[in-house]
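Participant: Below you'll find the structure I mean.
The values are calculated or read from the model by the stated rules, or taken from the named source; none is laboratory data. Note that the structure is a prediction, hence the values are computed from the model and not measured. Don't worry about glycine lacking a Cβ; one is built from the backbone with ideal geometry, like all the others, and counts go over all protein chains shown.
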Amino acid sequence: MKNKPTSFLLADDHTIVAVGLKEVLEQEFTTAKFYTARTGQEALAILGQHPIDILFLDVSMPTLDAYGAFPAIKKQYPATKVIIYTQFVAKDMILHFLHQGVNSILFKGETDDICEVVEQVWATGKWLSRSVRELVEGQLGEKPIHKLPLGENERNIIRHISEGKSSKEIAELLHLGENTINSYRQNLLKKTGSKNTDELIRYAFNSGLI
């Protein structure tokens, strides 16, 4: 893998935001190519024409927003790392995109170094700010988190679930049967006291598994 990303797509319907983001990123990624889009449809068109390493994707855009665009982006361009870049601070939105498998969620106006965020996403595939983590943890109320002893397969499956992978995809990655993966999923729900996949993902974040 390249040491640094060399192509960026900045998808935001506010031109001033995209311009400001480009100026910040250009200071660190001096040789990178930059593309901009104002809608999800424009972003998909650019992805079809150019290999994109990092996509900054605003949630609210005309014609096709991030909710509609991201599933297609993930399916058609899995190598592109996606950072949801938004001014909306909403728990349901965060959980939705984490479940879908975004690489990072960054709130506009946060003090985190954007270039460092990009480098972490590029190197590890994941990065979440403290404020995002706090919002995810807040979904569990006052319920204490007990770290359970989990096997290697269980930990791997939870990580893949958090990336939005299906049971079939996980089975292929781990060289196990799809029915076996489904059994693991059901057992993990019971073991962690989770009612659904979203709660399982929250458990995984809170306990440091992902």
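Participant: Go through the range 86-104 and give me each residue that's surrounded by 13 or more Cβ atoms within 10 Å (Cβ to Cβ), in a loop (DSSP other than H, G, I, E, B) and either small (Gly, Ala, Ser) or outside the structural domain of residue 35 (by TED's automatic domain parsing) (or both).
Facilitator: If the condition is that a residue be surrounded by 13 or more Cβ atoms within 10 Å (Cβ to Cβ), in a loop (DSSP other than H, G, I, E, B) and either small (Gly, Ala, Ser) or outside the structural domain of residue 35 (by TED's automatic domain parsing) (or both), then 101 is the only one that fits.
Participant: Next question, about the same structure. Quick one: is residue 39 crowded, with 17+ Cβ neighbours inside 10 Å and not basic (Lys, Arg)?
Facilitator: yes
Participant: Another question, then. Inside the range 105-151, can you point out the residues that are in contact with a strand residue (DSSP E or B) (Cβ under 8 Å, 6 or more places away or on another chain), part of a loop (DSSP other than H, G, I, E, B) and either modelled with pLDDT of 75 or more or exposed (fewer than 13 other Cβ atoms within 10 Å of the Cβ) (or both)?
Facilitator: Scanning the range 105-151 gives 108, 125, 126, 129.
Participant: I'd like to know if the range 74-85 contains one or more residues that are at pLDDT below 90 and either in a helix (DSSP H, G or I) or under 29 Å from residue 27 (Cβ atoms) (or both).
Facilitator: no
Participant: Collect the residues in the range 154-181 that are among the small types (Gly, Ala, Ser) and buried (at least 17 other Cβ atoms within 10 Å of the Cβ), keeping them in residue-number order.
Facilitator: 162, 164, 167, 171
Participant: Scan (1) modelled with pLDDT of 95 or more; (2) of a type outside the set (Val, Ile, Thr); (3) more than 20 Å from residue 105 (Cβ to Cβ); (4) touching an Asp or Glu at 6+ places or on another chain (Cβ under 8 Å) for the single condition residue 4 breaks and write down its number.
Facilitator: (1)
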